[in-house]
Amino acid sequence: EAHCMFSPGQDWTREGVGILSLWFKGHPAYVSSFIEEPAGIYTMTATGEDIWANSDQFHFAWKESSGATSIIAKVESLENTHGFAKAGVMIRDTLDADSRYAALLLTPENGVRFQYRDTTGGTTSRYFEEGITAPQWVKLERTAGGLVRAYYSADGNTWTRFDLIQ
């Protein structure tokens with residue numbers, strides 16, 4: 001909705017104007033949400049195109065980290081809006097859409113995927129393990145030297161290291 005008051009008022013019908021058209025261009029409605037309730041339990045809803053190719057369009061929560069780090073999440077559920085809808089954990093260089101990243105992501109139909117872009121603006125590569133479904137724990141570990149390892153677990157105790165050999 002937009003409002004504009006002209007001062008002085010305008011006579012749009014003079015000179016024979018019979019129809020006035022207004023065009024608006026803007027961003028689509030924000031339809032994503034991020035809720036922490038109860039403490040430590042996060043629910044996200046999101047829209048987006050994909051985490052793929054050489055530019056990402058997705059909704060995420062983030063925390064800045066440097067050096068050696070690990071990130072763990074339990075994906076309780078994932079709505080099947082698309083066979084390649086994704087939920088999981090990611091380590092990125094920057095918040096830019098074409099940033100280098102490594103991610104371990106769960107999909108509703110295509111198992112667990114280890115995806116990465118190893119150059120800014122480069123193409124995405126991936127490895128996958130089919131038949132893995134929610135609920136599932138996912139974990140990324142980054143060493144001080146920048147090596148990233150990916151793991152998944154059905155119970156959060158016994159971890160399977162993602163095998164990059166296909």
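Among the residues making up segment 112-133, those that are within 17 Å of the chain's Cα centre (by Cα), within 21 Å of PHE84 (Cβ to Cβ) and part of a loop (DSSP other than H, G, I, E, B) are THR123, THR124.
Taking segment 29-60 as the range and being surrounded by 13 or more Cβ atoms within 10 Å (Cβ to Cβ), in contact with a Phe, Trp or Tyr (Cβ under 6 Å, 6 or more places away or on another chain) and not hydrophobic (A, V, I, L, M, F, W, C) as the test, only GLY48 passes.
Taking the stated definitions as given, is ASP56 out of contact with any Leu (no Cβ under 7 Å at 6 or more places or on another chain), over 21 Å from ASP163 (Cβ atoms) and of a type in the set (D, E, K, R)? Criteria met by ASP56. Looking at this structure, is LYS63 under 20 Å from ILE41 (Cβ atoms) and touching a residue at least 24 places away in the same chain (Cβ under 8 Å)? Against the criterion (under 20 Å from ILE41 (Cβ atoms) and touching a residue at least 24 places away in the same chain (Cβ under 8 Å)), LYS63 does not qualify. Only strands (runs of 3 or more DSSP E) whose full extent lies in segment 35-102 are considered here, and the ones with at least 3 residues that are at pLDDT below 90 and on the phi < 0 side of the Ramachandran plot are 42-45. Tallying residues that are open to solvent by 40 Å² or more (accessible area, probe 1.4 Å), of a type in the set (A, V, I, L, M, F, W, C) and in contact with a Lys or Arg (Cβ under 6 Å, 6 or more places away or on another chain) within segment 104-147 yields 2.
The values are calculated or read from the model by the stated rules, or taken from the named source; none is laboratory data. The structure displayed is predicted, hence computed values, not measured ones. Backbone-built Cβ (ideal geometry, glycine too); neighbour counts: all protein chains shown. For accessibility, only protein heavy atoms count, side chains too; no ligands or nucleic acids. Shrake-Rupley method; radii C 1.70, N 1.55, O 1.52, S 1.80 Å.
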